[in-house]
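Read through the structure below, which is laid out as structure tokens, and then see the notes.
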Amino acid sequence: MHTLRLLTLPALLTAANLPAQWVAATPPTTVGNRAGHCMAGDLAGNALLFGGAATFSPLAQTWTYDGATWTQLAPTTTPTGRTMADMVYDISRNVYVLYGGWTTAISVGTGSNQTWEWNGTNWNQASPASNPGGLWKHSMAYDSARSRVVLYGGSTNGFPIANAATWEYDGTNWTQVPGATQPGPRERAAMCYDVGNAVTVLFSGIDPQVGGNTTTWLFNGTTWSAAPVVGATPAARTGARMVYDLVRGVCVLVGGMNPTNGAAFNDTWEWNGVTWNQVPTAATPGRDFGLAFDAARRLVVRHGGIVGSTVNGVTDEYGARVKSFGIGCVGSVGAPLLAASDAPRIGQPWPLVLSNCNPTQPVAVFALGLSALGALPLDFLGMTGCIGYATPDLIIYAPAVAGAAGWSLPLPANIGLMGIPLFAQGVSVDPGFNPAGAVSSNAIEALVGN
């Protein structure tokens, strides 16, 4: 293998260190402006969104997101419109469970005590013998080890009073969990289930009578305990969201609002069971948005939220990503095809495979760059009629066997590399077919991340 050092590999990896790990998605259809909605993801990479509001009136819309587009569904039965409910995905029963929420456009009334389940086709209202009562602004997580939905805190009505009860739902009934030790009155806290450590994690939120706090609480199914956090801790916040990354085994905390001055946070933190680590990337600032983990693409998906008094309708995604674009230039055996089996992740090699090359040639070429060629020039690298998509900042000559070649970009375990854009294109050596003796492939666009 030979490298043409237009840029050295270290220089390539540090030349465009941009904090762009959060990227706005551009689905052809979208939910639009929304806040106070609930959102959760299943294991197949689909996210479900329900309710929320764009102005004052709570909505009863059900939407799904498959990583490419938002689709509004039309179930025959549905919960009434509501805001500040919460929802989780029950892995054992393959249903989404939604509880509570505020169902009016005014501040007079009480939260809902309804339990609803989405089975992929329709909403069905459950009829448990007991329930946590009318609630909104509560927090929920799904304990997959015990097959229980865990609910904590919330408010009953429009008054600034939060409760401090823990409830569990087993698919049949809600049961209150006794115990003297608990996080205290809390509303709009961030909560998720840490599969690796088999605990429900709760962070911050607010006691309206006291204010915010920065304690990290852990629930093992029996008792709550304050985690002995090593190192820094996120600032106190309310209206933040947190989801569990099933692949990396961390809870991802995003955004929220400073309970003292009302300023919206745009930071991202990850909890690994011992420490909180702030990720050097900026999210859309805001609170009361929806958040879900896309297990298929290994991305955190966020939609909507509030900044000050403005409701937004942006769908953002957090994590490494990769996609193919463009067309290859036809050679003696057709157009070469460049593919990436995964997105570029820090601490791991990023593998690229170039296939459909001239099988008589023992070498192929990979061109790697930090940006796309905006003008999409023909005659890329001297190849007449071939389109260039990637700036050839680094050129690699790799051995080819039977018309295929592979090369991997080594990525150090350096969190500072997150957000670097990468563009790649392949070249098949093809003597006599093109004046340059080669033809180019399609291109790959990627973003370095976890």
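The values are calculated or read from the model by the stated rules, or taken from the named source; none is laboratory data. Please read these numbers as outputs of a predicted model, since none were measured by experiment. In this analysis, Cβ positions are derived from the backbone assuming ideal geometry, glycine residues included, and neighbour counts consider all displayed protein chains. Just so you know, the surface numbers come from the protein's heavy atoms only, side chains and all, with ligands and any DNA or RNA stripped out. Shrake-Rupley method; radii C 1.70, N 1.55, O 1.52, S 1.80 Å.
Are any residues in the range 278-304 over 15 Å from the mean Cα position of the chain (by Cα) and either crowded, with 21+ Cβ neighbours inside 10 Å or without any contact (Cβ under 8 Å) to a residue 24 or more places away in the chain (or both), and if so, which ones?
286, 287, 288
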Worksheet item: Which condition number in (1) crowded, with 21+ Cβ neighbours inside 10 Å; (2) part of a loop (DSSP other than H, G, I, E, B); (3) not polar (S, T, N, Q) is the one that residue 217 fails?
Response: (2)
Practice prompt. Spot the failing condition for residue 437; the list is (1) closer than 17 Å to residue 321 by Cα; (2) touching a strand residue (DSSP E or B) at 6+ places or on another chain (Cβ under 7 Å); (3) not basic (Lys, Arg), and only one is missed.
Written response: (1)
Item to complete: Filter the range 26-51 for residues that are in contact with a Phe, Trp or Tyr (Cβ under 9 Å, 6 or more places away or on another chain), closer than 15 Å to residue 104 by Cα and not in a strand (DSSP E or B) and give the result.
Response: 36, 37
Worksheet item: Given the structure, is residue 201 part of a strand (DSSP E or B), more than 13 Å from the chain's Cα centre (by Cα) and modelled with pLDDT of 95 or more?
Response: yes
Worksheet item: Is there a residue being outside any loop (DSSP other than H, G, I, E, B) and open to solvent by 50 Å² or more (accessible area, probe 1.4 Å) anywhere in the range 80-87?
Response: no
Fill in: Members of the range 340-362 that are open to solvent by 50 Å² or more (accessible area, probe 1.4 Å) and at pLDDT 95 or above
349, 353, 356, 359, 360, 362
Discussion item. When you scan the range 222-243, do you find a residue that is more than 24 Å from residue 152 (Cβ to Cβ), open to solvent by 50 Å² or more (accessible area, probe 1.4 Å), touching an Asp or Glu at 6+ places or on another chain (Cβ under 9 Å) and part of a strand (DSSP E or B), even just one?
Written reply: no
Item to complete: Just give me the residues in the range 30-56 being modelled with pLDDT of 95 or more and of a type in the set (Val, Ile, Thr), in sequence order.
Response: 31
Worksheet entry | Residue that is of a type outside the set (Ser, Thr, Tyr), part of a loop (DSSP other than H, G, I, E, B) and within 24 Å of residue 447 (Cβ to Cβ), where the choices are 266, 261, 277 | 266
Response to the item:
Within the range 305-330, the residues that are part of a strand (DSSP E or B), within 30 Å of residue 440 (Cβ to Cβ) and within 16 Å of the chain's Cα centre (by Cα) are 317, 321, 322
Worksheet entry | Residue list for the range 144-165, restricted to those being among the hydroxyl-bearing types (Ser, Thr, Tyr) and within 30 Å of the chain's Cα centre (by Cα) | 144, 147, 152, 155
Response to the item:
Residue hits (the range 244-258; outside any loop (DSSP other than H, G, I, E, B) and in contact with a Lys or Arg (Cβ under 6 Å, 6 or more places away or on another chain)) are 254, 257
Practice prompt. Give the number of residues within the range 102-125 that are closer than 24 Å to residue 163 by Cβ and over 25 Å from the mean Cα position of the chain (by Cα).
Written response: 15
Item to complete: Could you identify the single residue in 20, 11, 60 that is assigned to a loop (DSSP other than H, G, I, E, B), modelled with pLDDT under 95 and open to solvent by less than 60 Å² (accessible area, probe 1.4 Å)?
Response: 20
Worksheet item: Does any residue of the range 153-170 turn out to be open to solvent by 10 Å² or more (accessible area, probe 1.4 Å) and at positive phi?
Response: no
Worksheet item: On the given criteria, is residue 377 touching a residue at least 60 places away in the same chain (Cβ under 8 Å) and either surrounded by fewer than 15 Cβ atoms within 10 Å (Cβ to Cβ) or not in a strand (DSSP E or B) (or both)?
Response: no
Discussion item. Could you go through the range 223-245 and let me know if any residue there is modelled with pLDDT of 95 or more, farther than 24 Å from residue 299 by Cβ and of a type in the set (Lys, Arg).
Written reply: no
